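The values are calculated or read from the model by the stated rules, or taken from the named source; none is laboratory data. This is a predicted model, so every value here is computed, not measured. All Cβ positions, glycine included, derive from the backbone under ideal geometry; neighbour counts span all protein chains shown.
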Amino acid sequence: MTSPPLLSTAPAQTAHAGARGRTHRAVSGADGPTHPLFAERYRAIDARDARFDGQFFTAVSSTGVYCRPSCPARTPKPENVTFYLTSAAAQEAGYRACKRCLPEATPGTPEWDLRRDLAARAMRLVTDGVVDREGVDGLATRLGYSVRHVHRVLVAELGAGPLPLARARRAQSARALLVGSDLPVAQVAFAAGFGSVRQLNDTVRAVFAASPSELRGQLRGRAATRPDAPLGSDAHVNLDVELPVRHPFDAAGVFRFLAARAVAGVETADLTDPDRLRYARTLALPGGPAAVEIVATRGDTRGDAVWRVTAHLELRTLADVAPAVARIRRMLDLDADPVAVDAALATDPALGPLVARTPGIRVPGAPDPHELVVRAIVGQQISVAAARTHLSRLAAHAGTPCPSAIPGLTHLFPTAEQIVAHVPEPAVDEPPDPDRPLRLPAQAVRAVLATARALADGELDVHVGADADSMRAALLVRPRIGEWTASYIVMRVLGDPDVWLPGDVALVAGARSVGLLDPDLGKAASHRTLAAHSTGWAPWRSYVVMHLWQAATAAAPRKDHP
């Protein structure tokens, strides 16, 4: 099985003059006609293949613009084309965004989850807004390297350093807000992460060759978004945004997954209408408490189900718009490459029917890494329903109240510090208090408290930019965290597409239901056989986990899995 074509670093191209005398600078990460994958990418743009939108960008020297692969304009000559992995690299080389295909309006690339190197880790943090909040120094500190080393690696791998990459993210956010909302330009500037309106004006002109007002006027007619709710009188921000989706998209599956695990007061869901799915939750964002409501609405285009995903945001500050959107996208796995995943897994005779039944399956991510760690420890070895009961009681007891206009949302999930402060250490040789906030066995409670202390004091560092192997190793030394729990946390926090969960009972049940395992095989032998077989599903084993969990549920609806 092979992974989808990914852009790789190639020698810098020589500088060349573009339309109207523009000079486009040579940058690292630029892939020209001599690159081994150039022909394959060129075929994609010649076919206007939308599957590759957001995964690379096509810069055209004769026009001075960069486009998405599906741009409807006439295919440029190969000698005029250079491919870039990021829009920031194209911008650094002197290109501006195409006004016809709107390359900044595409879903993100799945490469930052596929790759485990420093560049990918940095991009996950840049997307979450770390550079805007903490600067390049903060980014480097989180990654564990010097500023100079991080800059050198990003320029070599992606064609742009941390600041241009952050600027490209801000430009993308600004474009979406200008087109899809009624926010005044000044508020768009701060919502997109700019420090001033002037910075917004300069960036938008450089990237889109238009002022913010001109860009809004040019593109507003193409947007299909709802009118925005007005800014609240209490200085809170209420905003509706549309989230680009790469199809096929198993909206029902990901919403069911989240709904089944919804912690009362923190999350709520309504799946009664199969054509309009709703999920909402509270979030602790950098600017303060927030709440988001996500709605997936099914349409029909030429017989294929097409989902439109929108989010209503209740925020304390405009600066939290971009982090909120980034975390929602990770939670729904919206930047996955479903066509590549499905094509690879469909070649397995046992998985093929599952892929056909559920195309575009997703691996739900974690909007709050520390929360996911606690949920994983509480939920191991008990049913989803039992874990939800324990966690709901914990949230009501220790979580910060978070009033919201969204029905059903009342609290934030408790932070690690709050868990340490509000959950008492189990007493030795005394009967447990029946009113205790976390009604688990004493050893399990001690494990939750020990891990919460480690998260609170920074001894255990779990975030989206962490190295997968280092994070797994740090988790495994914690009490009551084994291979399954550590792998589950890596899969959901990092969005790692290639995680296998050793010892998972539901995976064995799902595998048996589709004929992957001999039903007479013993428990230990079944786990060993399935784990060995799973190596052939790399690099998409996390998606196989979701398929087999669904198969187990379909085969035995009353059974629960993590």
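Structural remarks
- Tally, over region 513-527, of residues that are in a helix (DSSP H, G or I) and either over 19 Å from P353 (Cβ atoms) or in the same structural domain as V363 (by TED's automatic domain parsing) (or both): 5
- Boolean, S404 is touching a residue at least 40 places away in the same chain (Cβ under 8 Å), small (G, A, S), outside any helix (DSSP H, G or I) and assigned by TED's automatic domain parsing to the domain that holds G287: yes
- From R51, R41, R68, R22, residue being surrounded by 14 or more Cβ atoms within 10 Å (Cβ to Cβ), basic (K, R), at pLDDT below 90 and under 26 Å from the mean Cα position of the chain (by Cα): R51
- Where helices (runs of 4 or more DSSP H) sit wholly within region 51-170, those with at least 2 residues that are free of Cβ contacts under 8 Å to residues at least 40 places away in the same chain and closer than 22 Å to P367 by Cα occupy 118-127, 130-143.
- Residue check for L516: within 19 Å of Q550 (Cα to Cα), at pLDDT below 95 and either crowded, with 19+ Cβ neighbours inside 10 Å or acidic (D, E) (or both): yes
- Scanning region 93-121 for residues that are small (G, A, S) and more than 14 Å from the chain's Cα centre (by Cα) yields A93, G94, A97, A105, A119.
- Test for A447: is it more than 28 Å from the chain's Cα centre (by Cα), crowded, with 19+ Cβ neighbours inside 10 Å and either at pLDDT 95 or above or under 27 Å from A280 (Cα atoms) (or both): yes
- Within region 236-286, restricting attention to residues that are basic (K, R) and touching a helix residue (DSSP H, G or I) at 6+ places or on another chain (Cβ under 7 Å), the residue that is surrounded by the most Cβ atoms within 10 Å (Cβ to Cβ) is R246.
- All told, L530 falls short of being in a loop (DSSP other than H, G, I, E, B), buried (at least 21 other Cβ atoms within 10 Å of the Cβ) and without any contact (Cβ under 8 Å) to a residue 60 or more places away in the chain.
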